[in-house]
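The values are calculated or read from the model by the stated rules, or taken from the named source; none is laboratory data. Values in this document were obtained by computation on a predicted structure and should not be read as measured data. Backbone-built Cβ (ideal geometry, glycine too); neighbour counts: all protein chains shown. Remember, those area values only see protein heavy atoms, side chains included, never the ligands or the DNA or RNA. Shrake-Rupley method; radii C 1.70, N 1.55, O 1.52, S 1.80 Å.
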Amino acid sequence: MKKVVLTHRLHEAGMKVLEGKVEVAITNTGKPQEMLPELFDADGLIIRIGSIDRATMLAAKNLKVIGRPGVGVDDVDVASATELGIPVVIAPGANTLSVAEHALALIFAAAKDILNSDKKTRAGEFHVRNSYKAFELFGKTLGLVGYGNIGRELARLSSSVGLKVMVYDPFVNRESIEKQGYQYEQDLDQLLRNADVISLHVPLTDKTKGLIGEREFNLMRSTAILVNCARGGVIDEQALAQALRTNRIHSAALDVLAVEPVRADDPLVGFDNVIITPHMAGLTQEAATGVATMAAEGVLAVINGEKWPYVANKEVYDHPKWKNK
C-alpha cells in the first residue's frame, strides 16, 4: 500500500478520503529533519503546518506529491519540487469566504474597539466606553492590497455594509476593478495615504516580504486600521510595534504573524489596540472540510498518476516524469 505522511491530522473529512486507500503516518511536526524518517519511503506528503526544503525532497526519493490544505506555499520549495517532477497540490477557493468573513470581522472588531472594551469591562473599568476609540465604518475607505479570490470576496462583503473599496494589485487591470464599482489605485503609496482600513491579501514572496514597514506606516493616517489575514512576513513587525507604540495608526488586527505560534514575549501581544487570532481565518467547519478534502483527493490522484489540476506549479507536468500521462 502506498504511504502518505501528514505533518498533523487533517479535518475528519480529509482523513476519510485517505482512509483505506493509503497508509497514513502522522508526524505531529512540520520540521523537515524531524519528518524525514517517515518520508524515506513516502509517496506523498500533506503539510498543514510546517515546511519542506530541497534537501528533504532529495532524500525522500519516492516522494511523488506534496499537498497543502490551503493556497499558501511559501514554506514549500516549489522550484525544487518542479525540477524534481513533484506537483504541489493546493486547495484554491475552498476557504475564500471563511477568510474574507474573518477579515471583515477583524475590521469591525478593531473599528469598534471590541476586544479591549470587553477586557476593560470585565476588569471593572466601565469608563472605557468614554474613550471614544470606536468609529463608524459606513462611508470609510477600505484599501485592498491584493485582489485575488479573498480580496474580491472581501470587497463584495465590505461594499455591502457601506465601505468604499480601493484596490491595489499590479496583476489586475484597471477596467476589471472599475467595472465592479471599485476604485483602482496603481500606486501603493497613494492607497496607504487614503485608506481608513488597509487589508493585506498577497502571498509571501521575496518581493512582498516586509512590504509594509516603517516607511509605509509613516504614509498611513493616524486613524488607519491595518488587517492581515495573508502571511505574517508581509509586515515588518518591529515597525508595526513602533507605529502602535507612537500612535502612528489606530490599530492592527492580525490572523498571521511571522513566527507562529505567537510567543508570550512578542511585543505585539502587549498592545491594547492589537487583535491577534491564531491563523484561524480559514479554519471554519466549512472551509476546513473543503481544504482537507481537496488536498487529500489531489494527493491521491497524483500518487495514482493523474494530472490533478489544482497545483501551484502547473509547469511540473512538462517534466519527463509526466511524459505520456
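With a threshold of 21 Å on the Cα-Cα distance, the over-threshold entries among Lys64/Lys209; Lys3/Lys31; Lys164/Lys207; Lys64/Lys323; Lys31/Lys207 are Lys64/Lys209; Lys164/Lys207; Lys31/Lys207. Length gained on full extension, Ser160 to Arg122, computed as 0.36 nm times the residue gap minus the Cα-Cα distance: 10.4 nm. According to the square roots a ≥ b ≥ c of the eigenvalues of the Cα gyration tensor, what is the shape class of region 147-291, taking rounded for a/c under 1.5, prolate for a/b larger than b/c otherwise, and oblate for the remainder? Because a/c hits 1.5 or more and a/b fails to exceed b/c, region 147-291 counts as oblate. Accessible surface area normalised per residue over region 24-157 is 45 Å², counting heavy atoms of protein chains with a 1.4 Å rolling probe.
Hey, with R₀ at 22 Å, roughly what FRET efficiency would Lys325 and Ala59 work out to, going by the Cβ-Cβ distance, to 0.05? Computed FRET efficiency for Lys325 and Ala59 comes out at 0.30. Per-residue Karplus couplings for region 111-118, computed as 6.51 cos²θ - 1.76 cosθ + 1.60 with θ equal to phi - 60°, are listed in order as 5, 9, 6, 5, 5, 5, 5, 4 Hz, Gly and Pro entered as x.
Return a whole-number percent for the relative contact order of the chain, with Cα pairs under 8 Å and 6 or more residues apart as the contact set.
The value is 21 percent.
Here the chain carries DSSP beta bridges of which approximately 5% are antiparallel, counting only pairs with both residues inside.
Remark on Val202: its backbone amide H falls under 5 Å from those of Arg231, a criterion applied only to residues 5 or more positions apart or on other chains, H modelled at 1.01 Å from N. Computed from label points 7 Å out along Cα-Cβ, the spacing between Asn173 and Glu83 is 3.6 nm.
One chain, two ends: Asp189 and Gln238. Fully extended at 0.36 nm per residue, the span grows by 15.6 nm beyond their Cα-Cα distance.
In this structure the amide hydrogen of Ile90, modeled in the peptide plane, comes within under 5 Å of the amide hydrogens of Arg68, Val311, Ala312, none closer than 5 places in sequence on its chain. Using all pairs of distinct alpha-carbon atoms, the Kirkwood hydrodynamic radius of the chain works out to 21.1 angstrom.
Cβ-Cβ distance of Arg245 and Asn28, R₀ of 22 Å, FRET efficiency by 1/(1 + (r/R0)^6): the value works out to about 0.05. Region 144-219 and region 13-35 have Cα centres separated by 37 Å.
Protein heavy-atom accessible surface, 1.4 Å probe, per residue over region 159-295: 49 Å².
May I ask you to order 211-223, 245-257 by the average number of other C-beta atoms within 10 Å around their residues, highest value first?
Ranked by mean Cβ neighbours within 10 Å, highest first: 245-257, 211-223.
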